[in-house]
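Encoded as structure tokens, the structure appears first; notes follow it.
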Amino acid sequence: MLILALALAIAVGGRLAAAQHAGDPHDAASKSEVAPHPFEPAGVPAIAHIPPRRELTTDGQIIPKLHQLTLVAKKAADGSLTYDGTIPGPTIEIYEGDKVELTLVNELDLPVSVHVHGVHYDIDSDGTRMTGSFAPPGGKYLYRWTAAPGTAGYWHYHDHVVGPGMDGVRGIEQGLYGALIVRKPGDRLPDKTFVLVMQSVWFNNKRYPSTPLLEAKLGERVEFVVITHGSRFHTFHIHGHRWLDPGTNRIIDTFTQNAGESTGFQVVAGEGVGPGAWMYHCHVHDHLEDGMLGFFVVRP
């Protein structure tokens, strides 16, 4: 009887130990759900904007410039609406004191516009249906902006007429948006700029693994412009990197944006952490689980 009791105790104890081990989140079975190292991230390689250098006067001031630009509203192969065939549209970079004459060419079969944030313009450049400042199907429209003193910052532009009502939000949802950067003389220029637009559970209207793959070399100065559209707030975070919260002396690695907001910051790629595939993502959990993530790859 004693031998039988001992055998039973050993068997029960073994089953309990096995059950406890199976529930351990650190066991081999749980670890098998995590991709092995090294990890090669997926994504669509993003084309960086390379900031142009501007002529300076003898006293170090920027020479004001008139920028004559053209944007073409067209459909992409997947049916998205775009400016110049890309989402986001081209990044527009100017300095305080500059003026912009932007001609919108509409190759779509519906009216489309350009509404800009941050800079000065008259009502006939508002880009709204009620002001008639839009390009009809097959037509054109000219917008005029002025980057007056005090308008330096990270802004954006977007359509404001596509849709069934006066609000015109459907064009934004389908990809008609882009970044506007207004610099001041003396601003430190990055080596490259990336634009990320958070909308629904997308970055630039894509979910992982089709989100933008951002690439830089170790030590390069990289500028990020982050914009939010849609009906949700988002919390942006990049792994391994930190930056100065604009207008403060706080160092941060995460910030929250509501719809219509935009900001920008610069980091040195891999500073203090080295090369690697550093994740960027929305820190709202259900957004992240729905594919709102991508990778900033720092190459040696």
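The values are calculated or read from the model by the stated rules, or taken from the named source; none is laboratory data. Since the model is a prediction, treat every value here as computed from it, not as a measurement. All Cβ positions, glycine included, derive from the backbone under ideal geometry; neighbour counts span all protein chains shown. These accessible areas exclude ligands, DNA and RNA; they are computed on the full protein's heavy atoms, side chains included. Shrake-Rupley method; radii C 1.70, N 1.55, O 1.52, S 1.80 Å.
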Spelling it out for D84: with amide H atoms placed in the peptide plane at 1.01 Å from N, the residues 5 or more places away or on another chain with amide H under 5 Å from its amide H are V72, A73, K74
Between F233 and I252, what is the spin-label point distance in nm, taking each point 7 Å from the Cα along the Cα→C-beta axis? 1.2 nm
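Placing unit charges on C-beta atoms (Lys and Arg positive, Asp and Glu negative, everything else neutral), compute the dipole magnitude of the chain about its Cα centre in debye, rounded to 20.
Result for the chain is approximately 280 debye, rounded to the nearest 20.
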How large is the Kirkwood hydrodynamic radius of region 201-242, in angstrom, based on all distinct alpha carbon pairs? 12.5 Å
Go through region 244-249 residue by residue and turn each phi into a ³J(HN,Hα) via Karplus (6.51, -1.76, 1.60, θ = phi - 60°); whole Hz please, and just put x for glycine and proline. 7, 5, x, x, 9, 10
When ligands, DNA and RNA are left out and all protein chains stay put, how many square angstrom of accessible area per residue does the chain have with a 1.4 Å probe? 51 Å²
So for R0 = 25 Å, FRET eff. of R170-L69 from the Cβ-Cβ r, to 0.05, ends up at 0.55
Give the aspartates and glutamates whose C-alpha is closer than 17 Å to that of K74, dropping any in the same chain fewer than 8 places away, or say none. D84, E107, D109, D159, E173
Output wanted: per-residue J couplings in Hz (rounded whole) for region 224-234, from phi through Karplus 6.51 cos²θ - 1.76 cosθ + 1.60, θ = phi - 60°, x for Gly and Pro. 10, 10, 10, 10, 10, 10, x, 10, 10, 8, 9
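Of the accessible area of region 61-175, with the probe set at 1.4 angstrom, what percent is carbon plus sulfur? It would help to have the intermediate numbers written out before the result.
Working: 2740 of 5120 Å².
On region 61-175, the fraction of accessible area on carbon and sulfur atoms equals 54 percent.
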Give the Rg (one decimal place) followed by the Dmax (whole number) of region 158-300, computed from C-alpha coordinates and expressed in Å. 15.6, 51
Which three lengths, in whole Å and largest first, does the chain cover when its Cα atoms are put on their principal axes? 98, 51, 31
Once phi for every residue in region 68-77 is put through the Karplus expression 6.51 cos²θ - 1.76 cosθ + 1.60 (θ = phi - 60°), the whole-Hz ³J(HN,Hα) values, with Gly and Pro written as x, are 9, 10, 10, 10, 10, 7, 8, 8, 8, 4
Which residues qualify? For N205, with a placed amide H closer than 5 Å and at least 5 residues away or on another chain, they are Q199
For V44, list long-range residues whose amide hydrogen, built 1.01 Å from N in the peptide plane, is under 5 Å from its own amide hydrogen. T211, L213
Could you name the lysines in cross-link range of K65, using Cα to Cα under 22 Å and dropping any fewer than eight places away on the same chain? K99, K184, K192
